[in-house]
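Here's the structure we're looking at; comments come further down.
Read-outs throughout are calculated quantities, based only on the coordinates presented, and are distinct from any laboratory measurement. What you see is a predicted model, and the numbers here were worked out from it, not measured in a lab. Here the Cβ positions follow ideal geometry from the backbone for every residue, glycine too, while neighbour counts run over all protein chains shown.
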Amino acid sequence: MLKSKANKENDAINLISPSELKNEYYGSLESEEDDTFVAMQEVNDEFIEFTADPQEEEKINFFSDGKTRIDFVLVWEEELQKLPESVGAENVDGASETHQEAKVTTKLAQETRWRNKFLDNLGRNGLLMEMASVNSHSNWSEDLLSKLGIHNIMSEDFPSTPLEYYTCPFRRSKLERYLNNKNKEDFFTNTQRHQIVYEILARTKYGLQRKAQIGINGLLTANVFTAAFPLHDGPYQTRGEQGEQLSRRQVLYEHWARWGKWYKYQPLDHIRNYFGEKIAFYFAWIGFYTGWLLPAAIVGTVVFIVGINLVLSDIPAKEICEQGNNYSMCPLCTKCKTWKLSSICSLFKVSQLFDNGGTVFFSIFMSLWAVSFLEYWKRKRAIMAHRWDCLDFEETEERPRPEFTVVAPMTTRNPITGSEEPYFPEKDRLKRMVTSSMVILLLAAVVVIFLISVILYRTIMKILIYETGNSIVLATASRIASITGSVVNLLVILLLARVYTSLAHLLTRWGVSLFFPGWVTLTEWGQSVIRWCGAGGCLIELAQELLVIMVGKQIINNTQEFVIPKLKYWWQKRKLKGTAKEKSIPIQNPWERDYEQLVYEGLFDEYLEMVLQFGFITIFVAACPLAPLFALLNNWVEIRLDANKFVCEYRRPIVERAQEIGIWFNILETITMFAILSNVSIPASVSFFHDN
């Protein structure tokens with residue numbers, strides 16, 4: 001354990017055993033806040049007192065002996081000057097504590113008891129703890145270019161490539177048959193060590209088992225511990241190291257997370273070796289998806305260029321633009337005047353860019369592309385799962401959420417595992433489900449109200465423009481109303497997505513286990529065709545809606561992903577440095593540097609963004625052949641943004657195994673079925689091509 005101490009002249013670290021702590025506090029009573037770190041390793045029960053200099057780089061990520069590796073860090077904060085010497089003691093004036101003070105004191109005492117019992121149980125489970133006060137996979141494009149004899153600029157040799165081994169389930173009785181069986185420091189990989197330590201943390205009791213007071217997640221929820229995370233392999237910046245001298249984190253930064261590597265293949269084996277299979281499968285999928293977007297973007301761009309040539313030679317377009325002044329059209333409203341047919345010349349030409357025979361061909365092409373993409377991903381997924389020894393992996397135990405264990409009124413015995421688990425009676429569960437269902441229906445009604453409001457906005461805006469009588473804007477009244485309506489629709493979608501995501505987490509914590517916070521974002525699909533079409537036809541309005549919402553969301557999301565993490569990191573670092581400045585303690589240790597970084601919050605938002613994009617470019621691609629091109633450009637940026645966040649800005653995530661991308665593949669299959677139906681119906685229902 002590593003606990004912040006009082007200021008010392010020599011800025012040294014005193015590492016001590018938890019068994020020697022008892023009721024002592026380490027640190028000056030004048031300091032307001034204290035950050036405590038726990039470093040653990042599954043080794044033995046020996047606890048020794050050391051003094052170590054934090055400046056020594058060779059001891060980074062190691063215990064004070066310089067040999068024992070740190071696998072995990074636990075953090076908690078204490079306001080030492082406010083802690084009484086004993087629970088229920090009288091204050092200095094001899095008066096008894098107030099009710100509020102007694103309540104706070106009781107809570108702190110409970111947290112301390114839980115923490116101490118948890119740490120004692122960890123020691124009994126064989127974890128070594130210290131507390132101190134701080135002063136190559138083959139790509140399809142690579143194979144194709146190799147057969148053609150063309151140099152592949154996307155290929156790159158990565159240093160420290162992980163070796164391939166024959167693996168099998170671990171049995172202690174066959175220990176002598178395993179590689180490195182005599183070297184316990186290197187017998188398990190770093191990620192395996194993290195998994196072992198986290199499994200012990202997740203199973204260790206800190207209270208009553210019948211109340212499900214088990215595991216580190218419950219303590220994190222109760223704020224008994226502030227954080228729990230494994231350490232990064234040192235800093236990601238290099239200091240002149242090259243090749244095999246680079247740490248695994250530096251290899252990922254230099255050959256993956258840097259923006260200059262945007263066109264290179266991803267080092268998936270390195271990602272898996274450092275972050276685990278679950279995160280590696282995400283980057284493998286988004287990389288595979290981006291690679292498949294390249295031919296779709298090329299075909300879509302060619303179709304768009306062909307559309308430009310068709311517009312230049314289109315006879316109806318020439319007649320409207322050259323002879324349109326000879327034709328006066330009927331007024332568009334009771335107070336409007338007649339208008340010339342030539343006023344819609346530019347609008348008609350733009351509509352022809354998206355509404356021609358090429359878009360019909362492209363919609364068929366994208367239907368085949370979507371089906372082929374999923375089938376080839378199955379093959380790619382199976383190859384990687386076999387290579388990473390997780391082909392038959394499945395989650396054997398899913399622990400209940402800590403928030404659920406807190407509110408569950410009773411426990412029951414699991415018939416499979418035989419352990420006590422929190423349980424909600426059917427009557428209480430039904431009440432919560434009915435209440436939550438009513439809330440969800442109310443939220444759906446709000447979405448419908450907003451959609452109707454956007455349609456009314458377009459209609460009212462169009463009427464107001466017509467009533468102005470301005471001949472310049474009359475011809476573009478429908479387009480102005482449609483574009484501004486699309487922008488309003490985008491803002492509504494972003495607002496509702498943010499609000500509903502928060503409500504989804506709230507309902508989940510309250511007791512609803514199945515709630516998909518991204519469903520509100522799907523409301524824009526199909527909304528744009530629920531109105532009368534303008535002079536340019538329906539397809540141009542659908543294309544405009546798609547471009548505004550899809551491209552607008554991509555720009556806003558990428559800006560948020562780039563700016564917000566940096567602002568959070570700056571604020572976290574500034575806050576911690578302010579605390580360290582008050583104590584005159586330089587923040588330079590690896591566990592403190594990692595504590596400054598942001599908390600990893602999972603891959604849900606990343607998958608959701610990509611799945612929605614997949615829906616846009618497959619379901620509505622008939623309206624806009626350029627959609628795959630914008631998706632390709634976005635994904636080149638997205639991969640490096642995500643890589644930079646994981647390597648440079650996030651605390652190291654706890655390793656999770658997986659054999660695929662999970663439920664997201666089923667969602668992609670469903671979207672593909674809708675895409676096939678949409679690509680058949682849209683050209684037939686809203687296109688003018690078949691009329692021509």
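Numbers below:
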quantity: Residues with amide H under 5 Å from that of Tyr600, placed H, sequence gap 5 or more; calculated: Arg651
quantity: Per-peptide average of other Cβ atoms within 10 Å, ordering 379-387, 243-251 highest first; calculated: 243-251, 379-387
quantity: Ile463 versus Ile555: modelled label distance in nm, points set 7 Å from Cα along the beta carbon direction; calculated: 3.1
quantity: Table column - 3J(HN,Hα) (Hz), the stretch 184-190, Karplus curve with 6.51, -1.76, 1.60, x for Gly and Pro; calculated: 5, 6, 10, 5, 9, 6, 4
quantity: Candidates per GluC sites (Glu not before Pro) in the stretch 592-692, loop by DSSP, up to 10 other Cβ within 10 Å; calculated: Glu601
quantity: In nm, spacing of pseudo-spin labels at Leu163 and Leu294 (7 Å Cα→C-beta vector); calculated: 3.3
quantity: Theoretical gain in end-to-end length, Lys337 to Tyr178 [0.36 nm per residue, Cα-Cα removed]; calculated: 48.4 nm
quantity: Amide H partners (placed H, <5 Å) of Arg69, local residues excluded; calculated: Phe63
quantity: Amide H partners (placed H, <5 Å) of Met329, local residues excluded; calculated: Trp339, Lys340, Leu341
quantity: From phi via Karplus (6.51, -1.76, 1.60), per-residue ³J(HN,Hα) for the stretch 260-273 in Hz, x at Gly/Pro; calculated: x, 9, 4, 9, 8, 5, 7, x, 4, 5, 5, 5, 5, 5
